[in-house]
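Read-outs: derived from the displayed coordinates by stated rules, not from any lab. As the structure is a computational prediction, the values presented were derived from the model and not from experiment. Cβ placement follows ideal geometry from the backbone for every residue including glycine, while neighbour counts extend to all protein chains displayed.
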Amino acid sequence: MKEIEKPEKGNQIIEEAAQAEYKYGFVTDIETEVIPKGLDEDVVRRISALKGEPEWLLEFRLKAYRHWLTLKAPTWGHVHVPEIDYQDISYYAAPRHKKEGEAKEIDPELKKTFDKLGIPLEEQMRLSGMAVDAVMDSVSVKTTYRERLAELGVIFCSISEAVKDYPDLVRKYLGKVVPYTDNFYAALNSAVFSDGSFVYIPKGVRCPMELSTYFRINAAQTGQFERTLIVADDDAYVSYLEGCTAPMRDENQLHAAIVEIVVEDRAEVKYSTVQNWYPGDKDGKGGIYNLVTKRGLCRGDHSKLSWTQVETGSAITWKYPSCVLMGDHSVGEFYSVALTNNWQEADTGTKMIHLGKHSTSTIVSKGISAGHSQNSYRGMVKIAPKATGCRNFTQCDSLLLSDTSGAHTFPVIEVGNDTSVVEHEATTSKINEDQIFYCNQRGISTEDAVGLIVNGYAKEVMAKLPMEFAVEAQKLLSVSLEGAVG
Amino acid sequence: MNALKQYIDLYDESREVIEQQSPALLNNLRRIAREQLENARLPRKGSEDYEATDLEEVFGHDYGVNVNRLPFDVDLSETFHCDVPNMSTCLYYSSNDAFHSSATAERNIGQVVVEPFSMAAVDYPELMEAYYGKLARMSDPTVALNSLLVQDGLLIYVPDGIVAERPIQLVNIFNAALDMMVQRRLLIVVGKNASIKFLACDHTQSPDYHYLNNQVVEIVAMQGSTIDYYDMEESTPFTRRVSSIYVTQHEGSNVLIDGITLTNGFTRNNYHVEVNGEHAVTQLLGMTIASGEQHVDSHTFISHNAPRCHSNEMFKYVLNDKAVGAFAGKILVKPNCPRVEAYQGNRNLCGAPTAKMYTKPQLEIYTDDVMCSHGSAVGQLDEEALFYMRTRGIGIDEARRLLMQAFVADVIDGVRLDALKDRLHYLVEKRFAGTLSNCAGCLTACRSN
């Protein structure tokens, strides 16, 4: 085949793309209350006390902490997580309120931060039509539209508030999908989790607006350990969005979150993420370690859970949003675009555990690797012997934009009966030169052509994102990918 | 209890006897193997790449090991009286762990060297020195165990430029009135622009005893060489086999490995291919038809270390009853290896609610200008196709058989030996019809049909 692009030009474009600015790298100068670095039982107790938690939750944390001590960090991922000194991290950082008793009034600096990020915190920005829970470092700073949602019986608040206001609900569901014994990072999170969102959609309610949480790491030398819990009761529906950014720093910061979702009979949850944590600079310095456990339990018959993720940030991503399809005829979906550039490493994918009869799942994963990055899909589809008539389709494609990057696929399929059908397809290749040539012929520059092709490549997943996010995600892709052609 | 321990102890006790009976070359490797095994553990179920297979259990049985190399009283002239129709091969056989040649072995004389290690160590010391134990990875405890206890093996050497006229056939037979483990070992070296077709078939003649074949095969394909390696297993429910095939390919070489399991007890096949030269072509084919409590696990690893290579893998399983199938395959493309094309496919039919399939196809790619893909599917026969056939008056059982035969046909069609291809079609047909008695289709037909 004829080489279309001269290598010099290709390199230049890649360099430009690599230098594309991380837009959200600013730091907010805000007074922050940070507890001293280190982790022991006292720290766990202190976090619990700072949040004014009940005894049972402290017990839960302590149990998790003691279990965590017995575990070792997993090494099976195709990522290089350096030895993390867990005593060198501060486990709680909260933007300090100016005055006591003015908790409801939001700090103008904070508001500015979220405005800059494009997150509508003020309810007059009704046009955006989205309920937002904004989490800065370890605490939730503001949740919008709460009253309107409350009319329908929808609970949308930070998990700390939920612990106070709806202790029975939280207690009923917390740790039931992802127990603290699940893995190393889940145990750590269960011990020190700070804030996150709690969503409860009562029976038969279709949540009228998108619910959204925006996570922001601001303080230095801290880790963020958020915890999100979403419960959709019978016949309920909710679409939930999650976005995240962090300042540019030379040091690495840890983000170990847990997301738990429970979907009851005929309910549906759509969970979308645009993950844009700071990925580190072009030499691989700094960036967030995003080590996350996300899992949903489709407990009810005919329930449905759909994960959509666009992963462009983080120095290291280790994340497998999964579905346990327990109910008969339940449906699990996973749509993912993971883009890695420079020295980023992503090991992401999903698990579909089919326990219910006639449950179906779809996995579409698109990996794009540029620079020196490593991008892996790791997935599991398991059909239990009693889960008859199940169906799974998996497609994972990888696009390589440089000869120094890597794309890997590690799927596992286990089928335990003779009435289920599982399919897996994967391809790895670079951008088709014929397609670029075709665009060039029609006066489209190579850079634009690559943008077009990559967007087309990711379209199947992008189409699954809610409108508000699709635009942001598309922009994000084009910024990170600007003309990166190998 | 560590299953390896019993064999290590046995070695430590009988070291002198073993060493006396073997060429020095084998003894040198033995020492390295002994060190490797010091703290080694056999993989258990759930270990990486052993999702469905427990080697500790497989090796844990109390097998006899023929340390003193006592000859077995088997009248081979009685048992071998058949040849593959239309295929004249040079026939060799190994009875348990001892090699013999047949009258037909003369056919390739002057072209191909086929010698037991004991002779080869004298006749071709440099060759043995250069390749024996150089490909196989001692980090695998089963390979180390083979190296520790093996006392003889077979060298097949095709000198540069020689195209072997007739296929070489090696029939491995278990026939002993006791439970037994053997270490089979092969070294195949094919010189520049040389070519060979090799067929190995495993049989068990005394089905009441437990056997374990722990075999290691090393294959060197020099520049421009062509190697066909067919491996057929037709054994009994008590026969277990752990086979590791290591291949290294040089520029422009073409290697085809086809592993066929029709009947067996437990089988683990490891294929490890290092592609070191440009324009090399690798084909790995596998077909398993399993019923009862058969267990077949294949693991492949193809490392593309040079640009412009081509590899193609296709493994098909048909599982019934309580059969367990497993496939784990990895394609690795190292940095700076552009224009590599690598394909991997694994298709499986589960024909019973109790049959289980585990599959793990993997890609690890470090070069951008490549075309790689893998596909894996587990499912059943197409209902519509079945319906179509029934509307045309074909009974359900017959229709199923036809579809299953069609399903595995492309693996058989990959065979580059016409007589064998025809024979395989016939055997598979009989296997699906349930009329394949042990050894019926055996190329040696040691017992009458």
- [ ] Only Cα pairs under 8 Å and at least 6 apart count here; give the relative contact order of chain B as a rounded whole percent.
- [x] 11
TODO: Quick one: of A:Lys382/B:Lys360; A:Lys366/A:Lys430; A:Lys172/A:Lys382; B:Lys45/B:Lys322, which pairs are farther than 19 Å apart, Cα to Cα?
DONE: A:Lys172/A:Lys382
Open item on the list: For a quick check, take a GNM of chain B with Cα springs below 10 Å and name the residue from B:Thr367, B:Thr263, B:Thr288 with the largest mean-square fluctuation.
Closed with: B:Thr367
- [ ] Measure out, as a whole number of angstrom, how far apart the alpha-carbon centroids of segment A:190-256 and segment B:188-204 sit.
- [x] 60
Open item on the list: Just checking the output field for A:400-408: average partner chain Cβ neighbours within 10 Å of each residue's Cβ?
Closed with: 6
Task: Net charge, B:Glu293 excluded, C-beta distance under 10 Å - Lys, Arg +1, Asp, Glu -1 - done: 0
- [ ] Select from chain B the helices, each a whole stretch of DSSP H, whose alpha-carbon atoms run 18 Å or more along the helix axis and whose Kyte-Doolittle mean is at least -0.5; answer none if there are none.
- [x] B:24-37, B:396-413
- [ ] Quote the FRET efficiency, to the nearest 0.05, computed for B:Val163 versus B:Asn27 with a Förster distance R0 of 45 Å and r equal to the Cβ-Cβ distance.
- [x] 0.80
Open item on the list: Which one, B:Cys372, B:Ser14, B:Cys337, projects farthest toward the positive side of the charge dipole computed for segment B:3-433 from Cβ point charges (K/R +1, D/E -1)?
Closed with: B:Cys372
Task: Gained length - B:Ala406 relative to B:Lys430, 0.36 nm times residue gap less alpha-carbon distance - done: 7.3 nm
Task: Extended-chain gain in nm, criterion 0.36 nm per residue less alpha-carbon gap, A:Leu58 and A:Asn432 - done: 129.1 nm
Task: Residue-averaged [θ]222 nm for the protein assembly as shown, counting only DSSP H segments that reach four residues, each worth -39500 (n - 2.57) - done: -7000 deg cm²/dmol
Open item on the list: Relative contact order for segment A:369-486: what percent, with Cα pairs under 8 Å and sequence separation of 6 or more?
Closed with: 26
Open item on the list: Give me, ordered by chain and number, the residues 5 or more places off A:Phe26 or on other chains with an amide H under 5 Å from its own placed amide H.
Closed with: A:Met248
Task: Average beta carbon contacts from partner chains per residue of B:349-356, 10 Å cutoff - done: 5
- [ ] For segment A:328-358 and segment B:275-325, compute the distance between their C-alpha centroids and round to whole Å.
- [x] 26
TODO: Determine the shielding of peptide A:373-385 by partner chains: average, over its residues, the number of Cβ atoms on other chains within 10 angstrom of each Cβ.
DONE: 2
Task: Listed residue pairs exceeding 32 Å between alpha carbons, taken from A:Lys285/A:Lys319; A:Lys164/A:Lys464; B:Lys192/B:Lys356 - done: A:Lys164/A:Lys464; B:Lys192/B:Lys356
Task: Protection-proxy order for peptides B:337-350, A:230-243, A:198-211, each taking the mean of Cβ atoms within 10 Å per residue, highest first - done: A:230-243, B:337-350, A:198-211
Open item on the list: As an exercise, use a Förster radius of 41 Å and the Cβ-Cβ distance of A:Glu41 and B:Glu293 to find the FRET efficiency, rounded to the nearest 0.05.
Closed with: 0.20
Open item on the list: Springs between alpha-carbon pairs under 10 angstrom, Gaussian network model over chain B: which of B:Leu135, B:Leu70, B:Leu25 fluctuates most?
Closed with: B:Leu70
- [ ] Just flag the trypsin sites (Lys or Arg not before Pro) in segment A:273-361 sitting in loop per DSSP whose Cβ has no more than 15 other Cβ atoms within 10 Å.
- [x] A:Lys285
Open item on the list: Modelling each spin label as a point 7 Å along the Cα-to-Cβ direction, I'd like the B:Leu10/B:Glu383 distance in nm, to one decimal.
Closed with: 5.2
Task: Burial order of peptide ranges B:142-154, B:352-364 (average beta-carbon count within 10 Å, highest first) - done: B:142-154, B:352-364
Open item on the list: Give me the one-decimal nm value for the distance between modelled label points at A:Glu151 and B:Asp418, 7 Å along each residue's Cα-to-Cβ direction.
Closed with: 8.4
Open item on the list: Suppose we keep just the alpha-carbon trace of the protein assembly as shown; what are its Rg and Dmax in angstrom?
Closed with: 31.1, 101
Task: Sum of side-chain charges, B:Glu278 neighbourhood, beta-carbon under 10 Å (Lys, Arg +1; Asp, Glu -1) - done: +1
TODO: Mind checking which of B:Asn346, A:Thr308, A:Tyr377 is farthest towards the positive end of the protein assembly as shown's charge dipole, using Cβ charges of +1 (Lys, Arg) and -1 (Asp, Glu) about the Cα centre?
DONE: A:Thr308
TODO: Please report, in debye to the nearest 20, how large the charge dipole of segment B:3-433 is about its Cα centre when each Lys and Arg carries +1 at its beta carbon and each Asp and Glu carries -1 there.
DONE: 640
Task: Whichever aspartates and glutamates have a C-alpha closer than 13 Å to that of B:Lys330, once near sequence neighbours (fewer than 8 apart) are set aside - done: B:Glu48, B:Asp49, B:Glu274, B:Glu313, B:Glu364
